[in-house]
Amino acid sequence: MKFSEYTIKKTEEVLKELKTSGKGLSEKEVRERLKIHGFNEIKTREVKLFDIFWRQFKSPFFYLLFIAAILAFLIGEIIDGIVILVFIFVNVSLGFLQEARAERAVSLLKKYIPSKVRVLRGGVEKTIDKRFLVPGDIVLLEAGDIAPADLRIIKIQNFLVDESILSGESAPVAKITEALSEETKPSTRAELGAGPVPHRNEVSGAGEIFEAKNIVFSGTSTISGKAEGIVITTGKNTVFGEITKLVSGVTKKSVYEKDLLKFSKLILRIVVITITFVFLANIIIKGGETFFDFLIFSIALIVSIIPEALPVVITFALSEGALKLAKEKVVIKRLSAVEDLGNIEILCTDKTGTLTKNKLQLEDIFAPDKEKCLLYGFLTSSYIKEEIKSTLNPFDLALFEKVPPKIQEDFKKFKVISEIPFDPFRLRNSSLLEDENGNLILIVKGAPEIILQLSSKFEDNQNHQKLKAEIEKEGREGKRILAIGFREFAKKDYSEKDEKDLTFLGYLSFIDPLKDTAKEAVQTAKKLGVQIKMITGDSKEVAGLVAKEIGLIKNPEKVILGEHLGSLTEEDFKKACEEFSVFARISPETKLKIIQALQKKYEVGFLGEGINDTPALKMANVAIAVKEAADVPREASDVVLLETDLRVIVNGIKNGRNIFSNINKYIKCALASNFGNFYSIAVISLFIRFLPMLPIQILLGNLLSDFPLIAIATDQVDIEELRKPKLYRINQVIWLIIFLALVSTFFDFIFFGIFHKAQPGIIQTLWFIESILTELMLVFAIRTRHFFLNTKRPSITLLFLTILDAIVIVLLPFTNFGKEFFHFVSPPISLLLIVFSLVISYFIVSEIVKLVYFRYWKNKNFANQKVKNKYLTKY
């Protein structure tokens, strides 16, 4: 039976339904039920480490690198083969460690269920292992306990529960024992979004959790008081267990990994087709006598076009970025998440603790005598008890922090005679106190509508209707209200019947204040083109007010409820997710649905902290958790914030975009240069009788050209790329890469036109120098879409390593080491100067092509982006 069906049953009916009694089950009955229901534990499919390890080899990029390593060994380049294998090892190891860590998230769910629990068995109180708990058991809870299963409450004493791990809201929830008048509304349709109504056994939505006042859910913790509850569901059938199913069923692949996969497949196709064509053409034109020589040359060409240093460049860039982010209180758990962080277009976040301080604060006192109202409110708090040094009750804590020294002194003049603790059914608590003169006073504190009903007198000409209107206005503004009434008393004993004929003293309003940085963070996000969407379990009024104050929306009514989402078709659900920026009363399943709907068009980051957030965290492109989060969401996350502040993550997005852009610079430069040289060498090889460059020279050129490019991670980035990173992805500028590759090929043809009569050794040496220098020069053209002198200066590291690399390349052919190991020939200075002239000319032409391309591209694409930006800032 679903838990919501127990909410309308009386205690006697629940006991009868579960065939138990107030004394609990016998040990024999427990053994029988264990056979039927199994142990109270969450079993999930465990992914073996070997499976995770094996997945790392199912990538075209791995195939390319592995083939390159084998081919390097075949042509005798042992060192190059070893270097490439090291790259493979680093790449596989990082992927394995990242995925293994992510899979731990499901196993950590078990830690949130306590291992021991107190029960009544046959009328005797026992402490048992929670695994042996069965439906029908009577569980005893007190302050600090975590519910081991879903329980129907049958007895309470001042009982408050923290359901934040399920609802996301930290305000204490009062529980009752009475049956509800009607069954809690199923949220499967209303909360899960479009589509047919799921099966009755599907996960319960937020609506049911919020409304189930007589149910304590597995994993929630007791704040105060005591309770007895009947176990109605255990293990995987609890709400907690259903969330586990969602977590274990969701997998994701990062944007970085998907783009790299596409990139690898593209290179693989181009290389295979081109090499096959060129190899066959050479055999047909030159005959079979050159078969073996050209086979070795083709192998070297394959190795040359593969950017084998890409994993190192990416790892270096991401590691540097991760260190920088760590200094700004953003800890990266999955390296590729650094780049994914920059790709975020929509950031979904909770309200409590991220936009607000998650700490109730006394905002105002509405009373003719404010000092007296504050004193009486404090006198009915838990601090009046001598043994209480602190409290978990946020209202009492907020009062304590606002009480001035004078009232603290007055506080000591009273002593408690008796009290009736807070009862969620009564919605109030009361205390009978005696002052230093022996006068007795009864103070009642609770929900304003209750205190108004119990009051017959009002101070300072106040009246019932006026006060009710004022209180309702405060409630609409998202504030929490406690009212206070009192009466003089004559005897030292009282009952609930005496809580009447009160004098209405006043009321206290509490707020969860905004963080000082929240509004600034929202404004920064808008500048970066990042949409912020607030997804909260709180009320519509509170969510709308907070969103308006931080500048997220203009109209506080522009909020959509989870139950409204459920009435929409699949298409309308998707449109609502895009249109609205504030979502209230949202269940864990609905969060997941919202993320999935947004991911159809956008890269989505999700910031969460409760167990209820775990499914959405696993689904999001970037999962972000705060350090105070439960173990489960923290382990499922890619990023952990050391400071719970939206500004921190927005700044992290900005830094992520910087890193993303720099990695793209390497890829664009490597593609344009490698493909340019690749095609020119392949074509020219058809017309000359010797190899245009020796295999070992090709491999050395690859390593030397990659050396300074690793420092691209330290470079500065144009502001346009921070605002619109998606427009600068490889697939968006593929035509620029093609045009620059053609420029490179064109200058290679000019080179051979000038030097075709020279000795083979001279041609090979000069082309080695020219091809690498042009690639180094290309970095400074491609690092910006503007004229290379009208942009941010290159980083010192990039500049230094480029100059150093250029000096080594030019001087190497003049050394014995270069001549002996790499078969270089010292070229005449006059020829070297011609090469330098070609390199400079190449840079000028490349710069012109780039500027022309971006001028056309800007007119075509950025105009479209303005329309998108207008939409982004609409709400």
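The values are calculated or read from the model by the stated rules, or taken from the named source; none is laboratory data. This one's a predicted model, so the numbers in the text were calculated from it and none came from an experiment. Quick reminder, even Gly has a Cβ in these numbers, built from the backbone with ideal geometry, and neighbours come from all protein chains shown.
So which residues in region 797-820 are more than 22 Å from Ile844 (Cα to Cα) and without any contact (Cβ under 8 Å) to a residue 60 or more places away in the chain?
Hits for region 797-820 are Leu811, Leu812, Pro813, Phe814, Thr815, Asn816, Phe817, Gly818, Lys819, Glu820.
Conditions (1) in contact (Cβ under 8 Å) with a residue 60 or more places away in the chain; (2) under 22 Å from Gly544 (Cα atoms), marked per residue:
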site: Leu568; (1), (2): yes, yes
site: Phe573; (1), (2): yes, yes
site: Cys577; (1), (2): no, yes
site: Val582; (1), (2): no, yes
site: Glu589; (1), (2): yes, yes
site: Leu592; (1), (2): yes, yes
site: Gln599; (1), (2): no, no
site: Tyr602; (1), (2): yes, no
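Is it the case that Arg785 is in a loop (DSSP other than H, G, I, E, B), under 51 Å from the mean Cα position of the chain (by Cα) and surrounded by 15 or more Cβ atoms within 10 Å (Cβ to Cβ)? Show your work before the answer.
On the way: in a loop (DSSP other than H, G, I, E, B): yes; under 51 Å from the mean Cα position of the chain (by Cα): yes; surrounded by 15 or more Cβ atoms within 10 Å (Cβ to Cβ): yes.
The answer is yes for Arg785.
So is Ile450 closer than 24 Å to Glu178 by Cβ, among the β-branched types (Val, Ile, Thr) and surrounded by fewer than 19 Cβ atoms within 10 Å (Cβ to Cβ) or not?
On the way: closer than 24 Å to Glu178 by Cβ: yes; among the β-branched types (Val, Ile, Thr): yes; surrounded by fewer than 19 Cβ atoms within 10 Å (Cβ to Cβ): yes.
Criteria met by Ile450.
For Phe824, indicate whether it is more than 29 Å from Lys665 (Cβ to Cβ), assigned by TED's automatic domain parsing to the domain that holds Leu704 and outside any helix (DSSP H, G or I).
Numbers: more than 29 Å from Lys665 (Cβ to Cβ): yes; assigned by TED's automatic domain parsing to the domain that holds Leu704: yes; outside any helix (DSSP H, G or I): yes.
In short, yes.
Conditions tested, residue by residue: (1) closer than 25 Å to Ile710 by Cβ; (2) assigned to a helix (DSSP H, G or I).
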{"residue": "Val779", "(1), (2)": "yes, yes"}
{"residue": "Leu789", "(1), (2)": "yes, no"}
{"residue": "Pro794", "(1), (2)": "yes, no"}
{"residue": "Leu798", "(1), (2)": "yes, yes"}
{"residue": "Leu812", "(1), (2)": "yes, yes"}
{"residue": "Glu820", "(1), (2)": "no, yes"}
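Looking at region 830-844, I want the residues that are touching a residue at least 60 places away in the same chain (Cβ under 8 Å) and have a partner that is surrounded by fewer than 17 Cβ atoms within 10 Å (Cβ to Cβ) and not small (Gly, Ala, Ser) with Cβ atoms under 7 Å, at least 6 apart or on another chain. Which pairs are those?
The qualifying pairs are Ile834/Ile754; Leu838/Ile750.
Is it true that some residue in region 59-80 is at pLDDT 85 or above and either at negative phi or part of a helix (DSSP H, G or I) (or both)? So that I can check it myself, show each step before the final result.
Step one: of region 59-80, the residues at pLDDT 85 or above are none.
No, region 59-80 has no match at all.
Given (1) touching a strand residue (DSSP E or B) at 6+ places or on another chain (Cβ under 8 Å); (2) modelled with pLDDT under 80; (3) under 30 Å from Leu740 (Cα atoms), where does Glu603 come up short, assuming only one miss?
(2)
Among the residues of region 641-654, how many are out of contact with any strand residue (DSSP E or B) (no Cβ under 8 Å at 6 or more places or on another chain) and either closer than 18 Å to Asp718 by Cβ or surrounded by 23 or more Cβ atoms within 10 Å (Cβ to Cβ) (or both)?
The total comes to 1.
Kindly evaluate Leu617 against the criterion of being crowded, with 17+ Cβ neighbours inside 10 Å, more than 18 Å from the chain's Cα centre (by Cα) and assigned to a helix (DSSP H, G or I). Quick ask: steps written out before the conclusion?
Details: crowded, with 17+ Cβ neighbours inside 10 Å: yes; more than 18 Å from the chain's Cα centre (by Cα): no; assigned to a helix (DSSP H, G or I): yes.
So Leu617 does not fit the description; no.
Report the residue count in region 690-699 for those that are at pLDDT below 70 and part of a loop (DSSP other than H, G, I, E, B).
Counting residues in region 690-699 that are at pLDDT below 70 and part of a loop (DSSP other than H, G, I, E, B) gives 1.
So which of Ile443, Ile511 ends up being within 49 Å of the chain's Cα centre (by Cα) and modelled with pLDDT of 85 or more? Let's see the steps before the verdict.
On the way: Ile511 fails: modelled with pLDDT of 85 or more.
Going through Ile443, Ile511 in turn, just one is within 49 Å of the chain's Cα centre (by Cα) and modelled with pLDDT of 85 or more: Ile443.
If you check Ile848 against the conditions, is it within 50 Å of the chain's Cα centre (by Cα), assigned to a helix (DSSP H, G or I) and at pLDDT 90 or above? Before you say what the answer is, go through the steps one by one.
Working: within 50 Å of the chain's Cα centre (by Cα): yes; assigned to a helix (DSSP H, G or I): yes; at pLDDT 90 or above: yes.
It is true that Ile848 is within 50 Å of the chain's Cα centre (by Cα), assigned to a helix (DSSP H, G or I) and at pLDDT 90 or above.
Scanning for something modelled with pLDDT of 80 or more, under 39 Å from the mean Cα position of the chain (by Cα) and not in a strand (DSSP E or B), does region 451-468 turn up at least one residue? Explain how you work it out, then say what you get.
Filtering region 451-468 for residues modelled with pLDDT of 80 or more gives 451-458, 464-468.
Those still in the list that are under 39 Å from the mean Cα position of the chain (by Cα) too: none.
Checked against the condition, which is being modelled with pLDDT of 80 or more, under 39 Å from the mean Cα position of the chain (by Cα) and not in a strand (DSSP E or B), region 451-468 yields no hits at all.
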